[in-house]
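Peer 1: Got a structure for you, written out below as structure tokens; questions coming shortly.
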Amino acid sequence: MNEANQRLIEVVKEKKFLRQIARELKKSQIEAHKRIMRVSNRGYKFNQTFYDTGEIEYKLANNYAKNLYRTANIKLSENKDTIKFIAEADMHHGHKRSSMIYKNVLYEYCKNNDIHLIFDSGDIIDGIADRHSQSITDPEEQIISLIENHPYDKNIVNLITFGNHEFNVKNMNSLDIARVVMNERPDLVPVGYGIGIINILNDQLFLKHAIEGQEYKEIFNHLILSGHSHRFGYNFQANKLDVSVPTLSKNVHLGLKKPGATEVILHFDDNGKIAKADFCNLLIYGNAVHPEFRTSIELPFRGDEIKEEDLNINYYKPFKKKNRFKNHKI
């Protein structure tokens, strides 16, 4: 190992937070994260923990640590029993009805309202779809454009469970957006494809996006934030709450014409379980965020912990691998 990489490992052992590591290395936080990823690609494992303040903690894992591709761990500030975040989905970057302006407006709302976490339930790019409806037809260029143009704030972290549009790019073009964004941006954090687990205190919530051919064990007694429908709504049953997250694009359904997102506040009981959820549906127009609808739901269920291996994920339908872009280089 060269001296620079050895120094980085020693710094990570001493300085846990990305801002501390960056300061010690005299790098920006993005540059420091890229250094960590380069060392990771040499076989070293780093676990990440995300805080409600937007801080990212890195810890050098032992050689026997599991690779948790679908799990993110959130820590709350001391003595806090609530967490506030934005739920978004279906930005479809590369589609003609998508614009990064909406995400920039949402970032300003986050900064003005002390929000440091964004949970994204998939289809952040348009991927392989109808070329006539796309402003960027090459999926690799969509990813590059996303990395270069997605807003950045050192105090805001996006946790992303990718959807069917990203999965189709991975399956048909062998292009894994999760690996690309993980290496390039510390604030765009992959939490699996189709289903992702978010651990907070002694409870969990799930990010979900339907992928054709993917199946897993049904989730009960938990909060689920689902993309794919392109509209806000919720299905509250005795044993689960499934919330449909609106699209952050103008590719909307049911006559709606405005992009949106959902502000969520979770309240935890003394046992660290989610007791109540507050939802505020947000519409974005006129370069501003407009609250549209508010509701609070008591959550009577208390679910057992679900781990990645408990989901029993598999694919019941074989996919025919093809590349629409014959001259496209990956």
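Coordinate-derived values only; no laboratory data. Owing to the predicted nature of the structure, the values given are computational and were not obtained by experimental measurement. In this analysis, Cβ positions are derived from the backbone assuming ideal geometry, glycine residues included, and neighbour counts consider all displayed protein chains.
Peer 1: Fully extended, how many nm does the chain gain between Lys13 and Phe236 (0.36 nm per residue separation, minus their Cα-Cα distance)?
Peer 2: Details: separation 223, 0.36 × 223 = 80.28 nm, distance 4.42 nm.
That works out to 75.9 nm of additional length.
Peer 1: Using unit Cβ charges (K, R positive; D, E negative) and no other charged atoms, how large, in debye to the nearest 20, is the dipole of the range 18-85 about its Cα centre?
Peer 2: On the way: 15 positive and 7 negative charges, 84 e Å.
The calculation lands at about 400 debye.
Peer 1: If you average the alpha carbon positions of the range 79-112 and of the range 187-206, how far apart do those two centres end up, in angstrom?
Peer 2: Between the Cα centres of the range 79-112 and the range 187-206 lies a distance of 17 Å.
Peer 1: Summing -39500 (n - 2.57) over the DSSP H runs of n ≥ 4 in the chain and dividing by its residue number, what mean residue ellipticity at 222 nm do you reach, to the nearest 500 deg cm²/dmol?
Peer 2: Numbers: 7 runs with 74 residues, N = 330.
Roughly -6500 deg cm²/dmol at 222 nm, from the helical runs in the chain.
Peer 1: I want to check the label-to-label distance for Lys257 and Ser77. Put each point 7 Å from Cα in the C-beta direction and report it in nm to one decimal.
Peer 2: 4.1
Peer 1: Once the cut-off is 20 Å, how many percent of the Cα-Cα pairs in the range 114-190 end up in the long-distance tail? Before the final figure, lay out the partial values.
Peer 2: Details: 826 of 2926 pairs.
In whole percent, the share of Cα-Cα pairs in the range 114-190 beyond 20 Å is 28.
Peer 1: If you filter the range 75-156 for GluC sites (Glu not before Pro), then keep DSSP loop positions with at most 13 other Cβ within 10 Å, what is left? The partial results should precede the final answer.
Peer 2: On the way: sites: Glu78, Glu88, Glu108, Glu140, Glu141, Glu148; in loops: Glu78.
Counting only loop positions with at most 13 other Cβ atoms within 10 Å, the GluC sites (Glu not before Pro) in the range 75-156 are Glu78.
Peer 1: Please list, ordered by chain and number, the residues whose modelled amide H lies under 5 Å from the amide H of Ala89; skip anything fewer than 5 residues away on the same chain.
Peer 2: It is Ser121, Leu248, by chain and number.
Peer 1: Past the 22 angstrom mark, what percentage of all C-alpha to C-alpha distances in the range 83-158 do you count?
Peer 2: 24
Peer 1: Also: Sequence-distant or interchain residues sharing an amide H contact under 5 Å with Leu299, placed H: which?
Peer 2: Lys276, Ala277
Peer 1: Identify the GluC sites (Glu not before Pro) of the range 198-278 meeting these criteria: DSSP loop state and at most 13 other C-beta atoms within 10 Å of the C-beta. The partial results should precede the final answer.
Peer 2: Working: sites: Glu212, Glu215, Glu218, Glu263; in loops: Glu212, Glu218.
Qualifying residues, ordered by number: Glu212, Glu218.
Peer 1: To continue, here is another question. In whole Hz, with x marking every Gly and Pro, tabulate ³J(HN,Hα) for the range 148-159 from phi via Karplus 6.51 cos²θ - 1.76 cosθ + 1.60, θ = phi - 60°.
Peer 2: Values per residue, Gly and Pro as x: 6, 10, 4, x, 10, 9, 5, 10, 10, 10, 9, 9 Hz.
Peer 1: Rounded to the nearest 0.05, what FRET efficiency do Thr53 and Glu108 give with R0 = 30 Å and r taken as the Cβ-Cβ distance? Could you check? Could the numbers behind the result be given before it?
Peer 2: On the way: r = 18 Å, r/R0 = 0.61.
So, using R0 = 30 Å, E works out to roughly 0.95.
Peer 1: Within a 10 angstrom radius of the beta carbon, how do Thr71, Thr82, Thr262 rank from fewest other beta carbons to most?
Peer 2: Details: Thr71 17, Thr82 12, Thr262 23.
Sorted ascending by nearby Cβ count, the order is Thr82, Thr71, Thr262.
Peer 1: Right, next: Among the chymotrypsin sites (Phe, Trp or Tyr not before Pro) in the range 212-316, which ones are in a DSSP loop with at most 11 other Cβ atoms within 10 Å of the Cβ? Mind listing them? The partial results should precede the final answer.
Peer 2: On the way: sites: Tyr216, Phe220, Phe232, Tyr234, Phe236, Phe268, Phe279, Tyr285, Phe293, Phe301, Tyr315, Tyr316; in loops: Tyr216, Phe220, Phe232, Phe301, Tyr316.
Answer in residue order: Tyr316.
Peer 1: Provide Rg and Dmax in Å for the range 17-167, with only Cα atoms included in the calculation.
Peer 2: 16.9, 52
Peer 1: Right, here's the next one. Choose one of Thr295, Thr137, Phe119: the residue whose Cα lies farthest towards the positive end of the charge dipole of the range 72-315 (beta-carbon charges +1 Lys, Arg; -1 Asp, Glu; about the Cα centre).
Peer 2: After comparing all options, I get Thr295.
Peer 1: Now for a different question. Size of the chain along its principal axes in angstrom, Cα-based, largest extent first?
Peer 2: Dimensions of the chain along the principal axes of its Cα atoms: 59, 57, 44 Å.
Peer 1: Based on Cβ point charges of +1 for Lys and Arg and -1 for Asp and Glu, what charge dipole magnitude is obtained for the range 142-247 about its Cα centre, in debye rounded to the nearest 20? If you can, show how the numbers build up before the last one.
Peer 2: On the way: 8 positive and 11 negative charges, 20 e Å.
Its charge dipole is roughly 100 debye.
Peer 1: Still on this structure: Filter the cross-link list Lys15/Lys45; Lys34/Lys59; Lys16/Lys276; Lys84/Lys273; Lys45/Lys75 down to pairs whose alpha-carbon distance in this structure exceeds 23 Å. Walk me through the intermediate numbers first.
Peer 2: Values: Lys15/Lys45 16 Å; Lys34/Lys59 15 Å; Lys16/Lys276 32 Å; Lys84/Lys273 15 Å; Lys45/Lys75 20 Å.
Check vs 23 Å cut-off fails for Lys16/Lys276.
Peer 1: Arranged by the count of other C-beta atoms within 10 angstrom, fewest first, what order do Asp269, Asp176 take?
Peer 2: Numbers: Asp269 15, Asp176 19.
The most exposed by this proxy come first: Asp269, Asp176.
Peer 1: Once you have the alpha carbon radius of gyration of the range 132-237, what is it after dividing by 2.2 N^0.38 Å, with N set to its residue count? Can you show the working numbers first?
Peer 2: Values: Rg = 15.1 Å, N = 106, 2.2 N^0.38 = 12.9 Å.
Expressed relative to 2.2 N^0.38 Å, the Cα Rg reads 1.17.
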